[in-house]
Amino acid sequence: MTSPQVAIMMGSQSDLPTMREAAEILKEFGISFEIRVLSTHRAPEETSKYAKALKSRGIKIVIAGAGGAAALAGVVASLTPVPVIGVPIETQALKGLDSLLSTVQMPPGVPVATVAIGAGGAKNAAFLAIRILGLSDKKMQKKLESYHSAQAEKISKIKVTV
Ligand code: RP5
């Protein structure tokens, strides 16, 4: 069995409605992925074991979403050379600004490519993963081009009257 290309990780099952958006885009583009709920503060050892095995398992990109004091993406990036895209989950208390800052403000040397807060960010995480995978996959590039052409066509068909 071939290993998935992308690993989607999230800190809690409550993050699934957001992270599902990334999964749906990957599905649409036919990219193989796996999804795991793993938490740096609730299950640090399991998370660490999983992160350390990513490279040898052939995973090419990680999409990691967490909320609040969101350590997941940064910790995973510290444990693997595989590129990590971070999705800040929207929170009740601070509307996800807490998640955004915890995910994006990584010290130099351990990058987390951070997208916008919430569902839009999760979708863009998948699109970014697709662009990265497209660098070495002509078919994927073609699919992306068709996607963007379809978007452009949709926009051009909108007629606005005032
Ligand atoms: C984080 O705490 C998770 O990523 C989640 O966004 C947040 C709340 O988790 P739950 O209390 O819903 O499990 O670790």
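Here is the size of region 69-162 from its Cα atoms: Rg then Dmax, 16.9, 55 Å.
With respect to the chain, whose longest principal axis is taken over its alpha-carbon atoms, helix 44-53 is tilted by about 60°. Looking at the P(r) of region 56-123, how many percent of alpha-carbon pairs lie beyond 14 Å? Result: 50 percent of Cα pairs exceed 14 Å. Adding -39500 (n - 2.57) for every DSSP H run of four residues or longer, then dividing by how many residues the chain holds, sets the calculated 222 nm ellipticity at -14500 deg cm²/dmol. Does region 6-137 classify as rounded, prolate or oblate by the C-alpha gyration tensor (a ≥ b ≥ c root eigenvalues; a/c under 1.5 gives rounded; else a/b over b/c gives prolate, otherwise oblate)? Rounded. Which residues does the label zone of residue 28 cover in region 87-112, counting backbone N under 20 Å from a point 7 Å along Cα→Cβ? Within reach of a label on residue 28: 87-88.
Placing a label point 7 Å from the Cα of residue 42 along the Cα-to-Cβ direction, the residues of region 89-125 whose backbone N falls under 16 Å from that point are 89-92. Residue pairs exceeding 23 angstrom between C-alpha atoms, taken from 95/157; 95/154; 60/139: 95/157; 95/154. Each of 30, 103, 81 was scored by the projection of its Cα onto the charge dipole of region 6-137, and the greatest displacement toward the positive side belongs to 81; charges sit on the C-beta of Lys, Arg, Asp and Glu. Sites count as exposed loop sites when they are trypsin sites (Lys or Arg not before Pro), lie in a DSSP loop, and have at most 14 other Cβ atoms within 10 angstrom; the longest stretch of the chain without one is 96-158. Taken about its Cα centre, the chain carries a charge dipole of roughly 500 debye when the Cβ of each Lys and Arg holds +1 and the Cβ of each Asp and Glu holds -1.
Readers should treat all values here as calculations from the given coordinates under stated rules, not as data from a laboratory. Keep in mind it's a predicted model, so treat the numbers as computed, not measured. In this analysis, Cβ positions are derived from the backbone assuming ideal geometry, glycine residues included, and neighbour counts consider all displayed protein chains.
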